[in-house]
Every structure is written in structure tokens, then in C-alpha cells.
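Down below is the structure, laid out as C-alpha cells.
The values are calculated or read from the model by the stated rules, or taken from the named source; none is laboratory data. Every value quoted in this text rests on a predicted model; they were computed, and no experiment measured them. Methodologically, a virtual Cβ is constructed for each residue, glycine included, from the backbone with ideal geometry; neighbour enumeration extends over all protein chains shown. Areas reflect the complete protein model, heavy atoms only, side chains present, ligands, DNA and RNA absent. Shrake-Rupley method; radii C 1.70, N 1.55, O 1.52, S 1.80 Å.
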Amino acid sequence: MTSAPRLDSRGEPLRLLHVHAHPDDESSKGAASTAMYVSQGVEVMVATCTGGERGDILNPAMDRPDVLSNLTEIRREEMERARDILGIRQTWLGFVDSGLPEGDPLPPLPEGCFALTDLQVATEPLVKVIREFRPHVVTTYDERGGYPHPDHIMCHRISVEAFDAASDPERFPEAGPVWQPLKLYYHFGFHHKKFVALDKAMTEHGLESPYAERLASWSAEPEWDARVTTRVECGDWFEVRDRALIAHATQIDPQGPFFAVPLEVAQQAWPTEDFQLVRSEVDSAAPEDDLFAGIPGPEVGEADVRRGAA
């Protein structure tokens, strides 16, 4: 159930924009905090850069010729289901999936794909979304892309570019009236410290950890883990996150590693989703526990009047 909306200093609902590379990324990165903020009356939009046209079918139950031949349409339908589960708005930026190149040497990226699009051309649709939706907070991937998929890295690049360009009246004048988002975050969902904690919790519960092999070959980067500034406690919404993930049936195997850690173990061992604050137009001291920390709200009396009138 959605509560009375959290408001900014103008009495408008707080707004959060996630920029993601492919359909399913919105459900595997930050989805529990998304669902939590929706429950608080925050307006949330996901801008999806590509349609995931060149993605693999990662769920054996869906690995069929009829699915492969209709993958673009099916992934859009999966996105609609996940959108409804999370309670968000969603828009497509309209670029074509680059695919994940494999081999040594790596093959060239396909002509016309998102990752090869001119940066300014790729940035303009996102600037338009920002100016129309007017988010207070924007999230995207770090400079590594979270993992080195060319679309994730390009998603990072256009998000950083658009964060600045959206408030500049001389840039992309056809994209609508300017808007200045107040905070920019990177997702930090896959970091060493978190997986160590989950691995330890599984062992303590007498369960086989799905991360033991991965951690054995993972060189810790303390300076990377230290980049986390913001831990949003959202364990109560992990179940919503899981339902949104399962909606992406071509990409998520319900018996796979995403679901190897029981819900209650994950809630106890690491009940937060983690972010790095990289840009801020407001004062907010780290560590934070809220993506909207430091963003001024209305006076109590003013807020009560507005809510009563609604």
C-alpha cells in the first residue's frame, strides 16, 4: 500500500529515475529499494536504453526456437510485467542492444548498436526524459558498467552526460525546459564485502554457498568497496524484487544463483541495497541511508495542508 507521498520543498512528490541498459537490469539492480520508495509515495521511472535484442536466453525452460525468434517482443512483455510488480513507470530510449562480445580477440561490435552510437546522439533522448520527468535523484552504473558489458558502460556515459546537460539551456534545446537533478548515484550491488557476508551466512546456516568458488578467485579491492556511501535498508522488499526478477523469464532461472540464498538469510546478512553518491547539489553527509537525504522537504504545516487538500 502506497503512503502519502514524500514531498519536496515545492510540495511535489519526490521523483527517482533509474537509467538501465537492458530490460531485467531494473529488477536485478536496486529493485528492492525501488519498491520501498514506491511504497512511500515516491514517483519512480526506469529509462531502458535498449530492448535487449541480442541477449541470450538464460533460463533453460525458455530456451526454445519460438522464444528465440520472438525475443524482442517477449522481452518487452517481460518488462511490462516487472514494471507492474514494482509499481513504476518505464520508458524505452530506443537504442539497439550491442550484445556481449566473446572471444580472443573480441569481435567488433555490430554496426548501429547502442555502444557505437555517438555520445551526443545517445544522450539527447535521456535529457528529454529528465526534463519531462524532472527527477530529484538519478541512478546509473559506475564507470565499469557494474560489469564490462558495452551497453552498461555506454549507459554510464550517457547518464553522467545527461545529468549535466539537462540543466543547460544551450544544450539540446529541442528536449524541453531545463531541469537540474539534485543527486547522481552509482549502483554498487555486486561488491566483495557483500558477497563475503552472504557466503558466511550460508555457511553458518549449514547451507552450501553459491559464492564459494567465485570468492576463491576474487581479488578483494578494499578501495572499491569503500566507494559505497549509501546503504538503503530494504530487506522487507526483497520478495517484491524477486517477483520482478522472475517476470523476466527469458533471463532469470528460478533455480539459478539469483535465488540460491534463502530470503530470510539474505535479509539477515545484507538487508540493504548499496550506492555511491557521485554528484550532489545538496548537502548530505556520508554515510547515508536514503537516496533523498539532504533534499529539503516542505514545512510540516504546509505539507499537512497539501495532503489534506488532496
Being touching a strand residue (DSSP E or B) at 6+ places or on another chain (Cβ under 8 Å) and either modelled with pLDDT of 95 or more or open to solvent by less than 80 Å² (accessible area, probe 1.4 Å) (or both) narrows it down to one residue among 262, 271; which is it? 271
Among the residues that make up segment 177-186, is at least one of them in contact with a Phe, Trp or Tyr (Cβ under 6 Å, 6 or more places away or on another chain), open to solvent by less than 40 Å² (accessible area, probe 1.4 Å) and farther than 26 Å from residue 288 by Cβ? no
Determine which member of the set 293, 249 is among the aliphatic types (A, V, I, L, M), at pLDDT 95 or above, within 20 Å of the chain's Cα centre (by Cα) and over 27 Å from residue 202 (Cα atoms). 293
Residue 112 fails exactly one of (1) within 19 Å of the chain's Cα centre (by Cα); (2) more than 28 Å from residue 274 (Cβ to Cβ); (3) assigned to a loop (DSSP other than H, G, I, E, B), namely (1)
When segment 131-174 is checked residue by residue, the ones that are at pLDDT 95 or above and on the phi > 0 side of the Ramachandran plot are 134, 172
Quick check: anything in segment 141-159 closer than 27 Å to residue 7 by Cβ and assigned to a helix (DSSP H, G or I)? yes
Residues in segment 76-98: is at least one over 28 Å from residue 274 (Cβ atoms), modelled with pLDDT under 95 and part of a loop (DSSP other than H, G, I, E, B)? no
List the pairs whose first member sits in segment 62-86 and is closer than 21 Å to residue 26 by Cα and free of Cβ contacts under 8 Å to residues at least 60 places away in the same chain, whose second member is acidic (Asp, Glu) and surrounded by 13 or more Cβ atoms within 10 Å (Cβ to Cβ), and whose Cβ atoms are under 6 Å apart, counting only residues at least 6 apart or on separate chains? 72/53
So, residue 121, is that one of a type in the set (A, V, I, L, M), open to solvent by 40 Å² or more (accessible area, probe 1.4 Å) and in a loop (DSSP other than H, G, I, E, B) or not? no
